[in-house]
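The values are calculated or read from the model by the stated rules, or taken from the named source; none is laboratory data. All figures in this text were calculated on a predicted structure; none of them were measured in a lab. Glycine gets a Cβ as well: all are built from the backbone with ideal geometry, and neighbour counts include every protein chain shown.
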Amino acid sequence: MTRRNEKGTNQGRRGVLKTLVMGAGGLTTLPILGQTQPSPAAAMGVATDADGAAQAGASWKPQFFDTHQNETLIALTDLIIPATDTPGAKEALVNRYADLRYNEETQSNQQEIIRALAWFDGRSLSMHNKPFVSLTVAEQTALLKPLADPSKARPEDEAGVKAFDFIKELTIFGYYTSKIGLDEELRYQGDTYNTSFPGACTHPEHQS
C-alpha cells in the first residue's frame, strides 16, 4: 500500500503485540493494508518454517505454486506488509514460507489457497483485462481497498474479503515468525534473564 511515516508504521506494528496480550481476536478485521497484526503464535515467538524457507539461494524455485501464483503471492504480501525502515514481507520471503508450507498441506488446504489467489486474478481481469501482477501498484491498491474492511465491503465482494483475509493471515504469520520479522521488526531478544537486580535492597541486615 502507500507509504506512511516509517517510524509511525513500525511503532504501529509493534504496538499491536500489546493488543494480542488482551486476546487473540481481530486479526482479519484490521481495516488498513500495511497495518497488520501478528498471529498469537508469532507474538509468542513460536518458530515456524518461515526462516527455514528463506535459506535457499537465488536458485530457489517454488515446489507447490507455479511461477504465476508465486508472483501473485509476492505482490499481495508486499502490499500487506511493505518495506519501511525495516524490510517487509517480500524481503522476508514470506512467499517461500507459504510454498514450503502448502507443499506439505492436505489437498483441501492446497485448493483453498489456490482459489484465493485465483480470485484476485479473476477480479483484476474483469476490471482491467489483465492479471493482478500486471497492474500498477495504484491499481492493485484500489482493487484491494474494498476488501480491507469487511464492514464496508459490497455483497459481491464477499468471496474477495475471505480471500484477502486468508492471504493476510498467512502473510502475517509468515512474516512475524521469520528472522526479519522477529529480529528487525519486533526486535525480539530471545529468552533472556537478569544476572543482577540493581534496584534490590542493599541494606546488610536484609541480605541472606
Residue within segment 45-54 that is out of contact with any helix residue (DSSP H, G or I) (no Cβ under 8 Å at 6 or more places or on another chain), among the hydrophobic types (A, V, I, L, M, F, W, C) and at pLDDT below 50 present: yes
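Any residue at all in segment 156-172 that's among the acidic types (Asp, Glu), within 29 Å of Arg96 (Cβ to Cβ) and at pLDDT below 95?
Step one: list which residues in segment 156-172 are among the acidic types (Asp, Glu), which gives 156-158, 165, 169.
Those left that are additionally within 29 Å of Arg96 (Cβ to Cβ): 165, 169.
After this cut, where a residue has to be at pLDDT below 95 as well, the list is 165, 169.
Within segment 156-172, one or more residues are among the acidic types (Asp, Glu), within 29 Å of Arg96 (Cβ to Cβ) and at pLDDT below 95.
Please work out which residue is surrounded by the most Cβ atoms within 10 Å (Cβ to Cβ), limiting yourself to segment 100-120 and to residues that are among the hydroxyl-bearing types (Ser, Thr, Tyr) and more than 18 Å from Lys168 (Cβ to Cβ).
Kept after step one, since they are among the hydroxyl-bearing types (Ser, Thr, Tyr), are these residues of segment 100-120: 102, 106, 108.
Now restrict to residues that are more than 18 Å from Lys168 (Cβ to Cβ): 106, 108.
Numbers: Thr106: 9, Ser108: 7.
So the residue we want is Thr106.
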Segment 157-178: number of residues that are under 17 Å from Leu117 (Cα atoms) and either more than 8 Å from the chain's Cα centre (by Cα) or of a type in the set (A, V, I, L, M) (or both): 13
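For the condition over 30 Å from Gln63 (Cβ atoms) and surrounded by 15 or more Cβ atoms within 10 Å (Cβ to Cβ), what is the one hit in Pro87, Pro146, Pro131, Pro82?
Pro146
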Residue in segment 182-203 that is at pLDDT 70 or above and charged (D, E, K, R) present: no
Filter result (part of a helix (DSSP H, G or I) and touching a residue at least 12 places away in the same chain (Cβ under 8 Å)) within segment 126-138: Met127, Phe132, Val133, Val137
Hey, Thr84 polar (S, T, N, Q), assigned to a helix (DSSP H, G or I) and closer than 24 Å to Lys145 by Cβ or not: no
Residue under evaluation Arg123, criteria (1) in contact (Cβ under 8 Å) with a residue 24 or more places away in the chain; (2) buried (at least 20 other Cβ atoms within 10 Å of the Cβ); (3) assigned to a helix (DSSP H, G or I); (4) within 19 Å of the chain's Cα centre (by Cα), criterion not met: (4)
Output for segment 54-94, where each listed residue is within 22 Å of Arg123 (Cα to Cα) and either without any contact (Cβ under 8 Å) to a residue 40 or more places away in the chain or of a type in the set (A, V, I, L, M, F, W, C) (or both): Phe65, Asp66, Thr67, Asn70, Leu73, Ile74, Ala75, Leu76, Asp78, Leu79, Ile80, Ile81
